[in-house]
Structures are given as structure tokens and as C-alpha cells.
Amino acid sequence: MLVRLLYASRAREPLSADVLDAILDTSLAHNPRHGITGVLCHSNSIFLQALEGSREAVSRLYLNIGRDARHHDVVLLHYEEIAERAFSGWSMGRVNADKINAATLLKYSAQGELDPYRMPGAASLALLKELIAGASIVGRSQERSRH
């Protein structure tokens, strides 16, 4: 059985390129062998992440994220059983929300900024799907070479 989970969290430290690279490197190293796909959207110190895979693998990863010292204020936004993946092409895609057109964010949030804590889970999911459709998702060079 496949599930999709969306969560928000805040970074304990400023989001440097090194911190983001470390998170993505870990995802690329572990997610494929566990059948997990997804996308990570970030802005300032906020993360919005979608995870897809088996119920067991996604639940285990979500619990690990909750214990990860780089995150705090981890909040479950949306969880559902799914018939098919929306993010199947990504071991872990990445979006820097600071580089997204403000009008796209304004479509889903009151302030035109990434703040999943004040957005309905369905709106967060719709935003991520729009970003995929608009080719706003990027991957690491290792992942891009697979496509």
C-alpha cells in the first residue's frame, strides 16, 4: 500500500547550502532502497516536504525526521493512502521557494510566502504539484543523471 505524507518543520540553524546538500545527500543515499520518493521545498528556515512510499517506510522516515536535530516544530500536514505517486521521478527533488514567483505562492497562501503552518494541507500539496508541473523542482547532479 502506498501513502503520501506532508509535513512542515523549522530548521534549528540557518539553511546554508551545506545543510541543504547534506539533507539531499542523505535522501539520495537512503530513499531509493526504501522505495521513497518526494520533494523538499524550503524558504528561510521553513521546510515543506512530501514523502511517498510504503506505509512502513514513510512512517519510519517521518519518525526519524522528528528526531533529527536539524529540525524542530515538526507538524504533520496531510496523510493519505494513494493509488499512484505524484513525485515518482524524484528520490528527493528540491525547490527553493525564495526563487518561486510570488504569484504562485499567493495562489495557495494568504501572504504570498511559504508558510505551511498557516496553509491547509491540501493547499500545500497543490502547491508542490504545481511546482512539479512548472518544472520548478531541481535535483542533485547524481539524480538528474538518472532522468
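The values are calculated or read from the model by the stated rules, or taken from the named source; none is laboratory data. Everything numeric in this text was worked out from a predicted model, so none of it was measured. Methodologically, a virtual Cβ is constructed for each residue, glycine included, from the backbone with ideal geometry; neighbour enumeration extends over all protein chains shown. Surface accessibility is based on the protein's heavy atoms, side chains included, excluding ligands, DNA and RNA. Shrake-Rupley method; radii C 1.70, N 1.55, O 1.52, S 1.80 Å.
Just one residue in the set Ile100, Ile132 is out of contact with any strand residue (DSSP E or B) (no Cβ under 8 Å at 6 or more places or on another chain), farther than 17 Å from Ser9 by Cα, modelled with pLDDT under 90 and among the hydrophobic types (A, V, I, L, M, F, W, C); that residue is Ile100.
Residues of region 100-113 that are in a helix (DSSP H, G or I), free of Cβ contacts under 8 Å to residues at least 24 places away in the same chain and either closer than 21 Å to Gln49 by Cβ or open to solvent by less than 90 Å² (accessible area, probe 1.4 Å) (or both): Ala102, Ala103, Leu105, Lys107, Tyr108.
Of the residues making up region 45-99, those that are open to solvent by less than 70 Å² (accessible area, probe 1.4 Å), among the small types (Gly, Ala, Ser), closer than 14 Å to Lys129 by Cα and not in a strand (DSSP E or B) number 3. Just one of (1) in contact with a Ser or Thr (Cβ under 7 Å, 6 or more places away or on another chain); (2) surrounded by 21 or more Cβ atoms within 10 Å (Cβ to Cβ) fails for Ala11. It is (2). The single residue among His72, His34 that is within 10 Å of Ser9 (Cβ to Cβ) and of a type outside the set (A, V, I, L, M, F, W, C) turns out to be His72.
Each residue in region 67-99 was checked for being free of Cβ contacts under 8 Å to residues at least 60 places away in the same chain and under 14 Å from His42 (Cβ atoms), and 7 of them qualify.
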